[in-house]
1. Collect the residues in the range A:151-167 that are in a helix (DSSP H, G or I) and of a type in the set (A, V, I, L, M), keeping them in residue-number order.
2. Taking only pairs six or more apart or across chains, which ones have beta-carbon atoms under 6 Å, a first residue in the range A:206-223 that is more than 10 Å from chain B (Cβ to nearest Cβ), and a second residue that is in a helix (DSSP H, G or I) and surrounded by fewer than 24 Cβ atoms within 10 Å (Cβ to Cβ)?
3. Looking at A:LEU256, A:LEU238, A:LEU244, A:LEU270, which one is out of contact with any helix residue (DSSP H, G or I) (no Cβ under 7 Å at 6 or more places or on another chain) and either closer than 22 Å to A:THR297 by Cβ or in contact (Cβ under 8 Å) with a residue 12 or more places away in the chain (or both)?
4. May I ask you to list pairs of residues, at least six apart or on different chains, whose Cβ atoms are under 6 Å apart, with the first in the range A:54-79 being within 22 Å of A:GLU19 (Cβ to Cβ) and the second being in a helix (DSSP H, G or I)?
5. If B:ALA158 satisfies all but one of (1) at pLDDT 95 or above; (2) within 14 Å of another protein chain (Cβ to nearest Cβ); (3) part of a helix (DSSP H, G or I), what's the number of the condition it fails?
6. Restricting to the range A:293-317, name every residue that is touching a helix residue (DSSP H, G or I) at 6+ places or on another chain (Cβ under 8 Å) and not in a strand (DSSP E or B).
7. In contact (Cβ under 8 Å) with a residue 60 or more places away in the chain, surrounded by fewer than 19 Cβ atoms within 10 Å (Cβ to Cβ) and more than 15 Å from the chain's Cα centre (by Cα): is that true of B:ARG191 in this structure?
8. Give the residues of the range A:1-39 that are in a loop (DSSP other than H, G, I, E, B) and crowded, with 19+ Cβ neighbours inside 10 Å, sorted by residue number.
Amino acid sequence: MSTEPLLELSSLTVDFATEDGGSRTLLAGLDLTLAPGEALGLVGESGSGKSMTVRAITRLLPPAATARGAIRFEGRDVASMDAAALRAYRDGGVGLIFQDPRAHINPTKRIGAFLTEALRHNRGLGRGEALARAEAVLAEVGIDDPARRLRQYPQEVSGGMLQRVMIASVLLAEPRLILADEPTTALDVTIQREVVAILDRLRRERGMGMVFITHDLDLALAVCGQVAVMYAGRIVELRSAESLHERAAHPYTRGLLGSRPAIDARAPRLTAIPGRPVSAFEAGPGCAFAPRCAFATRACESEPPQLVPFEGGLVRCARVEEIHAERTDKRTSKEATA
Amino acid sequence: MNAVEVRSLNKFFKAHHAVADVDFDIPAGGSLGIVGESGSGKTTIARMLVGLECPTSGSIAVLGRDRSRPARGSTERNTRAQELQIVFQDPYTSLDPQQSARAAVDEVLRHHGGRSASERAQRLDELVDQVGLTVRQALARPRDLSGGQRQRVAIARALATGPRVLVLDEAVSALDVSIQAQILNLLADIRAETGLAYLLISHDLAVVRQLCDTVLVLRRGRVVEQGDCGQVLDDPAEEYTRALRAAVPVQGWRVAV
């Protein structure tokens, strides 16, 4: 049993070169550690940098983007991998699942050909053996009659089925880390439930690590042990999924929780956060959330806050202690008057 | 009089029975949510209400006037537009990229005339203000606006004809969570101020609960159950509604093992 992290990001920064020769920061110093077998949720809105993080981890950044800082997978530096090492890293190290499976599968080839291509090419398996393995994995992700599915084309199956095919294709490479980028956003809720259940079961059975990217905080809490809330290219809060509802301390995390309507009751009014989410390059010198924050002071606008331990998690807010004290005061006085 | 009355509504696409014997009412000022998964027929119902699809059989009445057949001539078309409007999921594709928000709304006000230039300008200011756009945002083109701001433009444009019914086809689904909350609050305010009736098409049960009084659960074109929103969602009579409800991740929801 090794204690070495599966994935380690330190001060990961991604800049995007603009056409006029300037540069725009999309990720601004990300520190993250993932142990083998652990599931971490990355939650954020547009511009938070969550998808860019996945691209940086897999070294699939667009040409105009450059990454700084370090990404280590099982202790090895991803940036310095040569072509062969990178191939091995992507085939058996990390597996990627995207939001829209149709955009990532060749519509002119049968599902069987898609699933066996890597096995035959990279691993040198014969056609029969590769097909047998693909069939077994399709059964593992809950697909009935897998032999028939192998002969079908992508457009002959539903979106939910195709996402399972994508998961199967990732599993065939037996990765130690799965990066799932909004894997269920395009699916119906009942299918979403099946797909996340499959991912969860496979992760446990195979001891894989998983980074689960979503805009849906409640979904992340259901799937992951730890959740990192991102805003403007930075983590603003990191804590265990089970304590997040109770202990969320960053005003943005609390705002996100208040923004979502509940299924079991109608709120007289949602506690919407004013303004809109920004990207890292649009943010001012201080706290990126300050312009939308009800608790911000002038100091918040100029001094960038650090990620510090608070109530069992990490929070990037200079006023977190005061806000927390105010909230506790209010709660106690409410209880006293009740 | 009910704002919307739909009776025995059917739509076939060739052999595919997309909408099957659907009945519902929306009282004046009421708010009905139609929920269902992909292929349930919910968007087809919205399109038939607006007149983008023609029912195969059955009737649709808005403010007591039948609209199950295409409008005959521009007068009837204009009347229909003044009765019911629609807001789509993606305001980026439903707005003209060349037009500022003000111009887009003004175009509707001009078409549904009867106002002097100064009255129109005043109404325009009211609408822009009502949907929470700043003067500067109102002069910007869609590409310079965020998704939430664009959806505000689409709502202002829909309100410009002075409709009594607003169809919201997944109108908040593509928005960021914090923006979705703003638009849901805005829609609740508009309904409280104007007494408009809403028909919300959505796959999101929590959004429906937040905005609607009644709900209709649709599956493969058929009504599974309908009734008071709180009652149907808290105590579903049908297995399918229970499954939909149970699939929504909430606090304490764990993935099924």
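The values are calculated or read from the model by the stated rules, or taken from the named source; none is laboratory data. Just so you know, these numbers come straight off a predicted model, no measurement behind them. Counting neighbours? That spans all protein chains shown, and the Cβs are built from the backbone with ideal geometry, glycine included.
1. Of everything in the range A:151-167, those that are in a helix (DSSP H, G or I) and of a type in the set (A, V, I, L, M) turn out to be A:MET161, A:LEU162, A:VAL165, A:MET166, A:ILE167.
2. A:MET210/A:ARG203
3. A:LEU238
4. A:LEU61/A:ARG55; A:ALA67/A:ALA56
5. It fails just one condition, (2).
6. If the condition is that a residue be touching a helix residue (DSSP H, G or I) at 6+ places or on another chain (Cβ under 8 Å) and not in a strand (DSSP E or B), then A:CYS293, A:ALA294, A:PHE295, A:ALA296, A:CYS300, A:GLU301, A:GLU311, A:GLY312, A:CYS317 are the ones that fit.
7. no
8. A:LEU6, A:GLU38 - these are the residues of the range A:1-39 that are in a loop (DSSP other than H, G, I, E, B) and crowded, with 19+ Cβ neighbours inside 10 Å.
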